[in-house]
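Student: Structure below; questions to follow.
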Amino acid sequence: MIEGISQGFLKNLDEGVLRRWLETALPSALGFFWTVVLAFLVYLIGVRIIRVVLKGFHKSLQLRKAELGVIQFTNQAVKVIGYAVLIVIILQLFGFEATSLSAAIASVGLTAGLAFQGSLSNFAGGVLILMLHPFRVGDYIVEDTHKNEGTVTEITIFYTKLKTLDNKIVVIPNGILANASLTNITDQDKRMINLTASISYGDDIDKAKSAIRKIIDEEPQVIRSEDIKVFVKQLGPSSVDIGFRFYVPMGEYWNAYWRTLERIKKEFDAAGITIPYQQLDVHINQ
């Protein structure tokens, strides 16, 4: 029986079964191999084209003096679209038809839209930020909902990056910034310093106000064209609170603020004016 099987196998070989199988499979394998090679070449060429297009968009927007946030957002959007088109082209090389791809993309798009509603909201928020300009790259903002604050360094298609004063990077979704209140501190070219100096009830109010006016007059960053106010703000439980306000350039705010606080202590000490502080009197009954 075994001898019969061997003879049958040899007979099949004689009839060219292996040869016919190779003739059928080898062209398909070679075709797939060259398709992979072509797809790899298309990918390399496509990546280079995308880079050239991105560079062209970047230069064009710079020549038009577009905002840095617009340039960052546009670069990312063009990059995503370019790679999506490249993937579709490569899939077509492997035999996927355009109609089938369109149906698949529509189906995937619907599913992704439901699954990634937050991301789509962030994308729409980024578009609104660039259109309405509540802030720009370089502005110092405070996000009121979670109290995140910092200088805007980048506006991407989904997130905005803030750099804090202690050199940390805070990433906030664009949807939150577009739909919640925020404070743009550096949108204007000047900022008001609004301080309060407290004196005791036994001190002379006019003398304290004169000391404060001297501090303001000697502050080099004060904008003299703006109103300067020194006034009694409140009669507190244990102090008379004197408020004063003046404007300085935005970039000099903190230096002027810290310098003014130091001068208040020195001038009040020199004038013999007491700055009250909380204290507790304890009486012991024998």
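Student: Determine the gain in length on full extension of the stretch E226-D206; use 0.36 nm per residue of separation and subtract their C-alpha separation, reporting nm with one decimal.
Tutor: The E226-D206 span can extend by a further 4.9 nm.
Student: Here's a follow-up. Go ahead and run the numbers for FRET between I87 and Q62, Cβ-Cβ distance against an R0 of 22 Å, rounding to 0.05.
Tutor: So the FRET efficiency works out to roughly 0.15.
Student: How much accessible area does E218 have with a 1.4 Å probe, in Å² rounded to the nearest 10?
Tutor: Ignoring ligands and nucleic acids, E218 comes out at about 100 Å².
Student: Given a Förster distance of 51 angstrom, what is the FRET efficiency for Y43 paired with Q188, based on the Cβ-Cβ distance and rounded to 0.05?
Tutor: 0.55
Student: Exceeding 24 Å between C-alpha atoms, which entries from my cross-link table qualify? They are K163/K229; K163/K190; K79/K161; K59/K79.
Tutor: Long pairs (Cα-Cα over 24 Å): K163/K229.
The values are calculated or read from the model by the stated rules, or taken from the named source; none is laboratory data. Small disclaimer: the values here were computed from a predicted structure and weren't measured. Note that we place each Cβ from the backbone using ideal geometry, even for glycine, and neighbour counts take in every protein chain shown. Areas reflect the complete protein model, heavy atoms only, side chains present, ligands, DNA and RNA absent. Shrake-Rupley method; radii C 1.70, N 1.55, O 1.52, S 1.80 Å.
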